[in-house]
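Worksheet: one structure, shown below.
The values are calculated or read from the model by the stated rules, or taken from the named source; none is laboratory data. These numbers come from a predicted model, not from an experiment. Note that we place each Cβ from the backbone using ideal geometry, even for glycine, and neighbour counts take in every protein chain shown.
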Amino acid sequence: MAYLLILGLAVLALLTGQSSANYEYQTKYLDVPLDHFSYVNESVTFKLRYLTNDTYNPDGSGPILFYTGNEGDIELFAQNTGFMWELAPKLKASLVFAEHRFYGKTLPFGNASYESPRHLGYLTSEQALADFAYLLAQINPSNRTVRARPVVAFGGSYGGMLAAWFRMKYPHMVAGAIAASAPIRQFDTDCGVFNQILTSVFSVAYTKECSLNIGRSWDV
């Protein structure tokens, strides 16, 4: 199909940096489960923010270009992901930008979302992907197959990792993914290396006491 050809040939960077563009979209909210994997039916939900644009797909029959939101306000990503907006009219596609839980206005515990480790236990990639799948199930009901209305995930950096994982974990919902700068295989280094380097920089450039003071600022 034409949309697969265009997507297959796409080699440009996903984030085009067109921050001056004024893209239009509708802001919507959906109640999603706080914990998608609990064996206890607590029925606790929160409001997930997402943005949509159906200008080029008014009858809802075309494909869906789905942005897997990452660590930030989803409106910033919608305004700076020009590649998706360029593809939409060519593919007669709908655009969906889903916000990542605990970022932007998608705060499961409101202003207290970051105040407790118990709250932050729900801030995981797995839960975020399940949010996206839950949202997609509402947008693209089960009576429409992936082949009938394909969904292609988009993302850059951490969002690109999410896009790739979304395709991998939910292949029955997502036909493909374009993941820019996405280290989905992680890095073959110790997770603490960055912090060690940062500590060394502050110790050498300033004083050892400086790095110790930074460490004391973290209530752990």
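Residues in the stretch 146-184 that are under 23 Å from Pro58 (Cβ atoms) and out of contact with any helix residue (DSSP H, G or I) (no Cβ under 9 Å at 6 or more places or on another chain): Val146, Arg147, Ala148, Arg149.
Looking only at residues in the stretch 195-219 that are surrounded by 11 or more Cβ atoms within 10 Å (Cβ to Cβ) and of a type in the set (Phe, Trp, Tyr), the one that is farthest from Glu126 (Cα to Cα) is Tyr206. Among the residues in the stretch 26-35, are any modelled with pLDDT of 90 or more, loosely packed, with under 10 Cβ neighbours inside 10 Å and within 19 Å of Phe77 (Cα to Cα)? Among the residues of the stretch 26-35, at least one is modelled with pLDDT of 90 or more, loosely packed, with under 10 Cβ neighbours inside 10 Å and within 19 Å of Phe77 (Cα to Cα), which makes the answer yes.
Table: residues versus (1) touching a residue at least 40 places away in the same chain (Cβ under 8 Å); (2) of a type in the set (Asp, Glu); (3) assigned to a helix (DSSP H, G or I).
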{"residue": "Asp131", "(1), (2), (3)": "yes, yes, yes"}
{"residue": "Pro141", "(1), (2), (3)": "no, no, no"}
{"residue": "Pro183", "(1), (2), (3)": "no, no, no"}
{"residue": "Cys191", "(1), (2), (3)": "no, no, no"}
{"residue": "Ile197", "(1), (2), (3)": "no, no, yes"}
{"residue": "Val201", "(1), (2), (3)": "no, no, yes"}
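Those helices (runs of 4 or more DSSP H) of the stretch 46-121 in which 2 or more residues are assigned by TED's automatic domain parsing to the domain that holds Asn22 and in contact with a Gly (Cβ under 7 Å, 6 or more places away or on another chain) occupy 74-79.
On the stretch given as the stretch 156-178, residues that are assigned to a loop (DSSP other than H, G, I, E, B) and closer than 22 Å to Asn80 by Cβ total 1.
Only a single criterion out of (1) at pLDDT 95 or above; (2) out of contact with any Lys or Arg (no Cβ under 8 Å at 6 or more places or on another chain) is not satisfied by Tyr122, namely (2). Within the stretch 153-165, residues that are closer than 16 Å to Thr124 by Cα have Cβ atoms under 8 Å from residues that are in a helix (DSSP H, G or I) and of a type outside the set (Ser, Thr, Tyr) in these pairs: Gly159/Phe77; Leu162/Ala128; Leu162/Leu129; Leu162/Phe132; Trp165/Leu129, counting only partners at least 6 apart in sequence or on another chain.
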